[in-house]
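Below is one structure, written out as structure tokens, with a few remarks after it.
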Amino acid sequence: MMKLYFVPRTRATRPRWLLEELGEKYELVRLDPSTGETKTAEHLARNPWGHVPVLETAEGPVFESAAIALHLADLHPEKKLIPPPGTHERALCYQWTFFAMSEAESAAVKLAAHARARTLDTPEGHEAKAGVRKALHPLEAILARQPFMLASGFSVADVVLGSVVIWAAAMGAVTDAPHLQAYLERLKARPAWQASVS
Ligand SMILES: N[C@@H](CCC(=O)N[C@@H](CS)C(=O)NCC(=O)O)C(=O)O
């Protein structure tokens, strides 16, 4: 059985959400960063930065939340959480997953630094919030036309991008965006998301 090394309310939620969507049996290994459990020799051998998530497969460990999510979707093509390789829809699935991990997440990370430092209400904090809005607002037009990022329906791209949108919303950066707000409510209503967060 696959093992997922996990810390709640982190990027480790993403592969767990996928595992829940797929109905895959897995062992959840909870690590506590505050007691050094992510920096033990055992965990550093799985991920040299001492980060979660790590998925331990029969063939060895895999890290990076989006890579794990894409791999899990590939293991179950019948669940249709990833379009067939080589199709345009598959390219769009990569497009939104990479967009989430680069454009959207980098803006959210800057805002999170201000949230942690309690500097949200400074010119730099406002600028960081504007950066998230600038990254996410163009999604409004797409979500006005369709419920999920791919026209074919819910996919792994929604797990990765949706996680960033949910994070940005928790920091107050998703306002005046009714389609994005409806999107994140649709995602949070999914039992698999609810099962992945705690
Ligand atoms: N790009 C990586 C980032 C991994 C990462 O930064 N994980 C953080 C949680 S979101 C972590 O492991 N923190 C605990 C620690 O550093 O001890 C991914 O998406 O998986």
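So for segment 155-162 (the condition being modelled with pLDDT of 95 or more and surrounded by fewer than 21 Cβ atoms within 10 Å (Cβ to Cβ)), does at least one residue qualify? Scanning segment 155-162, I find no residue that is modelled with pLDDT of 95 or more and surrounded by fewer than 21 Cβ atoms within 10 Å (Cβ to Cβ), so the answer is no. Residues in segment 163-198 that are part of a helix (DSSP H, G or I), surrounded by fewer than 22 Cβ atoms within 10 Å (Cβ to Cβ) and in contact with a Pro (Cβ under 8 Å, 6 or more places away or on another chain): Arg186 alone. State which residue is surrounded by the fewest Cβ atoms within 10 Å (Cβ to Cβ) when the search covers only segment 48-90 and only residues that are over 18 Å from the mean Cα position of the chain (by Cα) and among the hydrophobic types (A, V, I, L, M, F, W, C). Among those that are over 18 Å from the mean Cα position of the chain (by Cα) and among the hydrophobic types (A, V, I, L, M, F, W, C), it is Ala58. Residues that are assigned to a loop (DSSP other than H, G, I, E, B) and on the phi > 0 side of the Ramachandran plot do occur in segment 137-155. Any residue that is over 21 Å from Ala67 (Cα atoms), in contact with a Lys or Arg (Cβ under 6 Å, 6 or more places away or on another chain) and surrounded by 14 or more Cβ atoms within 10 Å (Cβ to Cβ) - is there at least one of those in segment 119-127? Taking every residue of segment 119-127 in turn, none turns out to be over 21 Å from Ala67 (Cα atoms), in contact with a Lys or Arg (Cβ under 6 Å, 6 or more places away or on another chain) and surrounded by 14 or more Cβ atoms within 10 Å (Cβ to Cβ). Identification of helices (runs of 4 or more DSSP H) wholly contained in segment 1-119 with 2 or more residues that are closer than 25 Å to Ser155 by Cβ and either touching a Leu at 6+ places or on another chain (Cβ under 6 Å) or more than 16 Å from the ligand (Cβ to nearest atom) (or both) yields 13-22, 65-75, 88-99.
The values are calculated or read from the model by the stated rules, or taken from the named source; none is laboratory data. Since the model is a prediction, treat every value here as computed from it, not as a measurement. When we count neighbours, we look across all protein chains shown, and the Cβ atoms used for this are built from the backbone with ideal geometry, even at glycine.
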